[in-house]
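The values are calculated or read from the model by the stated rules, or taken from the named source; none is laboratory data. Since we're looking at a predicted model, the values are computed, not measured. Neighbour counts run over all protein chains shown; Cβ positions are idealised from the backbone, glycine included. Ligands, DNA and RNA are excluded from the accessible area calculation, which covers all protein heavy atoms including side chains. Shrake-Rupley method; radii C 1.70, N 1.55, O 1.52, S 1.80 Å.
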Amino acid sequence: MNKWKAVIAQELRCTTRERLPQLLLTVFVGMIAASAFIGSSARASVTGVYQEALRQGLTTVPNPFDALSPLYYARNTVIYIVLIGALLAIVIGVRSTLRDRQARTADLILSRDVRPSLYLGSKLAGLALFVLLLLAISAVVNIGCLSVVAGQVLSGADSARIAGLYALAWLFMLPFVALGMITGLHASSTTSALLTPIVIWSVVIFILPLLGTAAHPVSLLNPVSPPPAPQNGFFAASSSLVDPLSLGEQFKHVSALILADPQATGTMPGGILTIATFAVVACAAVAMTRRTRMRRALND
């Protein structure tokens with residue numbers, strides 16, 4: 001086994017043994033499984049009201065849920081990826097580099113003929129593989145739950161859309177893995193290593209979108225992006241500046257298009273390019289970390 005494969009295998013073993021990632025992993029997969037049934041419960045409630053109104057002759061309009069695609073019940077999955085998935089990515093990234101600093105592993109590794117970029121790139125590849133496996137399992141669980149809710153096996157086309165959603169989720173979570181690794185390498189203490197990326201995540205996911213739209217803050221928890229900003233005034237100017245940096249909104253927009261949400265408009269390439277750019281820049285920043293930085297001790 002070469003150095004690259006050895007680091008990846010070690011990273012996978014260590015990550016699966018960490019308790020905090022295990023907890024977040026359980027919550028994430030659990031919410032993914034529950035998302036379809038949450039949507040189904042809402043449908044049952046509305047359908048009950050509709051049937052009563054129909055019985056009393058108060059309406060003749062067809063039940064709006066009858067024409068919905070099974071993919072409609074996957075909408076909440078997008079929010080769970082933005083919230084729980086991104087936080088899980090941050091935690092495993094932080095723990096990856098903090099482990100080395102706490103155990104002084106980097107001192108031993110870098111005393112050999114190993115380039116820092118190769119070592120950190122291999123660790124990042126191991127975490128990326130971990131996230132990929134996690135999302136693959138989540139996709140299978142999601143497809144199974146949607147099939148149960150729909151009362152039939154999900155079609156090939158719909159299953160492909162779910163797979164496309166999780167492929168995009170992997171690309172979306174990758175910058176947060178790298179962000180966690182970077183703060184784990186640069187922070188002076190364990191507390192700041194965990195809090196700093198969470199603050200950055202909060203700004204990117206919640207603060208920046210609010211600077212570019214007049215929508216209510218609660219609307220950011222919707223699986224579809226808020227309406228466009230007004231064409232004049234402060235929001236028109238700020239929207240053009242912050243929209244490309246609003247990673248969560250870009251992910252929600254492309255996800256809605258993948259799931260064929262009737263409320264979604266626009267095209268995918270711009271959003272996918274933005275997410276991919278974040279991923280490339282963040283991964284490059286990890287690989288360019290200096291040897292001296294990797295060997296710096298924590299102040300805990």
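For Gly266, enumerate residues with amide H under 5 Å from its amide H, sequence gap 5+ or separate chain, H modeled in the peptide plane.
none
What's the FRET efficiency of Thr16 with Gln51 using the Cβ-Cβ distance as r and R₀ = 41 Å, to the nearest 0.05? If you can, show how the numbers build up before the last one.
Working: r = 48 Å, r/R0 = 1.16.
Calculated value: 0.30.
Can you tell me which of 139-150, 287-298 comes out highest on packing, and rank the rest after it, using the mean Cβ neighbours within 10 Å?
Numbers: 139-150: 19.1, 287-298: 13.6.
Per-residue Cβ counts within 10 Å, averaged per peptide and sorted highest first, yield 139-150, 287-298.
Quote to one decimal, in nm, the extra length available between Arg290 and Ser189 on full extension: 0.36 nm per residue of separation minus the C-alpha distance between them. Don't jump to the answer; show the numbers that get you there.
Working: separation 101, 0.36 × 101 = 36.36 nm, distance 1.86 nm.
Net length gain for the segment: 34.5 nm.
Sticking with the crude label model, points 7 Å out along Cα→Cβ, report the distance from Val153 to Val280 in nm, one decimal please.
About 4.0 nm separates the two model spin labels.
Ranking request for peptides 81-91, 186-196: highest mean number of other beta-carbon atoms within 10 Å first, then the rest in descending order.
Values: 81-91: 24.3, 186-196: 16.4.
Per-residue mean Cβ counts within 10 Å order the peptides as 81-91, 186-196.
For segment 133-194, with all protein chains present and a 1.4 Å probe, just round the carbon and sulfur fraction of the accessible area to a whole percent.
Numbers: 1650 of 2250 Å².
Reported share for carbon and sulfur atoms: 73 percent.
To the nearest 20 debye, what charge dipole does segment 80-135 have about its Cα centre, counting +1 at the Cβ of each Lys and Arg and -1 at the Cβ of each Asp and Glu?
Details: 7 positive and 3 negative charges, 20 e Å.
Approximately 100 debye in magnitude.
Taking the dipole about the Cα centre of segment 83-184, with the C-beta of Lys and Arg at +1 and of Asp and Glu at -1, give me whichever of Thr97, Cys145, Pro175 is farthest to the positive side.
About the Cα centre, the residue reaching furthest to the positive side is Thr97.
Given 0.36 nm per residue, what is the gain on full extension from Gln263 to Asn299 after removing their alpha carbon distance, in nm?
Extra length from Gln263 to Asn299 when fully extended: 8.0 nm.
Rounded to the nearest 0.05, what FRET efficiency is calculated for Val140 and Thr59 with R0 set to 25 Å and r the Cβ-Cβ distance?
That pair, Val140 with Thr59, gives E of 0.05.
Kindly rank 170-176, 199-205 from highest to lowest mean number of other beta carbons found within 10 Å of each residue. Don't skip to the end; give the middle numbers.
Values: 170-176: 24.0, 199-205: 16.1.
Packing order, densest peptide first, comes out as 170-176, 199-205.
Please give the FRET efficiency for Asn2 paired with Leu83, using the beta carbon to beta carbon distance and R0 = 25 Å, rounded to the nearest 0.05. Let's see the in-between values first.
Details: r = 38 Å, r/R0 = 1.50.
After rounding to 0.05, the efficiency reads 0.10.
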